[in-house]
Amino acid sequence: MKGNDSISTLYEHGTLASLMAGNMAGTIALGDLLKHGSTGIGTFDGLDGEVIILDGEVYQAVSSGQVNHVTNMQAKMPFASVHQPADLQKLTINDANFALLNGDFVGQHELKNVFAALRLKGEFNHVKVRIAPKQEEPYPSLLEVAQGQPTFVCDHVQGTIIGYYAPAIFGSVTAAGWHLHFISDDREFAGHLLEFNAAKLTGDLQVFDTLEQHLPVADEAFRKGEVDMATLRDSIAKSEGNAD
């Protein structure tokens, strides 16, 4: 059994179910989020773009395709996940794509019942991402936003995948399976990952034994929000790009 000094924690602010219900206002400051991890993903106030956090540096891909280096620690986020890299399992993956990650990789690393962080780096033959455009109140549902999100493609690009795997039983708190973002080494192309393939990627895998779920209890919209549980899972899959 692990001692307390070996606890590996994934910190998540907000819930995907709340985003699905249209609660998109920022409820945690970026500076406060970074106290819990130096690496992660998320989005800004009003679902403004796709956030990639690498080694304490924060990048925001916006719906024009531009990538911003964010240094404003007061910027608010409605939903984000971060962690401190530790106890990393080094990886080399050949012929990498989503089919491999969703299939043999999950089985090989026994991930189906755990949370895990994945970071992969190398030369990608093909990458397709989508980027959430900033929304204004009254906010729509996340599914409505997802159906109109711009997508971008880049071939033969050096970059990094960062994101998380979550068990299906947590599929309303966060995205079940893989939720991955991408950023190029030149920091000019980034977004929520929809497709990729690469001949060889290297990186690391981290499995968490603790999920710290932080809820914005002072936010009135969150406290009063209504979630349609009957359609939630299907809507999440569609908004993540995992269903037709």
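The values are calculated or read from the model by the stated rules, or taken from the named source; none is laboratory data. Note that the structure is predicted; figures quoted are calculated from it, not measured. Don't worry about glycine lacking a Cβ; one is built from the backbone with ideal geometry, like all the others, and counts go over all protein chains shown.
Are any of the residues in segment 220-232 farther than 26 Å from THR92 by Cβ, buried (at least 17 other Cβ atoms within 10 Å of the Cβ) and either of a type in the set (D, E, K, R) or under 17 Å from the mean Cα position of the chain (by Cα) (or both)? Checked segment 220-232: no residue is farther than 26 Å from THR92 by Cβ, buried (at least 17 other Cβ atoms within 10 Å of the Cβ) and either of a type in the set (D, E, K, R) or under 17 Å from the mean Cα position of the chain (by Cα) (or both). Do we find that LEU211 is in contact with a Lys or Arg (Cβ under 7 Å, 6 or more places away or on another chain) and surrounded by 14 or more Cβ atoms within 10 Å (Cβ to Cβ) in this structure? No. Against the conditions (1) among the aliphatic types (A, V, I, L, M); (2) assigned to a loop (DSSP other than H, G, I, E, B); (3) crowded, with 20+ Cβ neighbours inside 10 Å, ILE41 satisfies every one except (2). Any residue that is farther than 20 Å from ASN102 by Cβ, more than 16 Å from the chain's Cα centre (by Cα) and not in a strand (DSSP E or B) - is there at least one of those in segment 169-178? Within segment 169-178 (the criterion being farther than 20 Å from ASN102 by Cβ, more than 16 Å from the chain's Cα centre (by Cα) and not in a strand (DSSP E or B)), the answer is no, since none of the residues qualifies.
Got at least one residue in segment 192-214 being assigned to a loop (DSSP other than H, G, I, E, B), hydrophobic (A, V, I, L, M, F, W, C) and out of contact with any Asp or Glu (no Cβ under 7 Å at 6 or more places or on another chain)? For segment 192-214, residues assigned to a loop (DSSP other than H, G, I, E, B), hydrophobic (A, V, I, L, M, F, W, C) and out of contact with any Asp or Glu (no Cβ under 7 Å at 6 or more places or on another chain): absent. LEU10 satisfies every condition listed in (1) part of a loop (DSSP other than H, G, I, E, B); (2) surrounded by 21 or more Cβ atoms within 10 Å (Cβ to Cβ) except (1). Of the strands (runs of 3 or more DSSP E) lying entirely inside segment 74-164, those containing at least 3 residues that are surrounded by fewer than 18 Cβ atoms within 10 Å (Cβ to Cβ) and out of contact with any Lys or Arg (no Cβ under 6 Å at 6 or more places or on another chain) span 89-97, 115-130.
Residues of segment 104-144 that are on the phi < 0 side of the Ramachandran plot and either at pLDDT below 95 or of a type in the set (Asp, Glu) (or both): ASP104, GLU123, ALA132, GLU136, GLU137, PRO138, TYR139, PRO140, SER141, LEU142, LEU143, GLU144.
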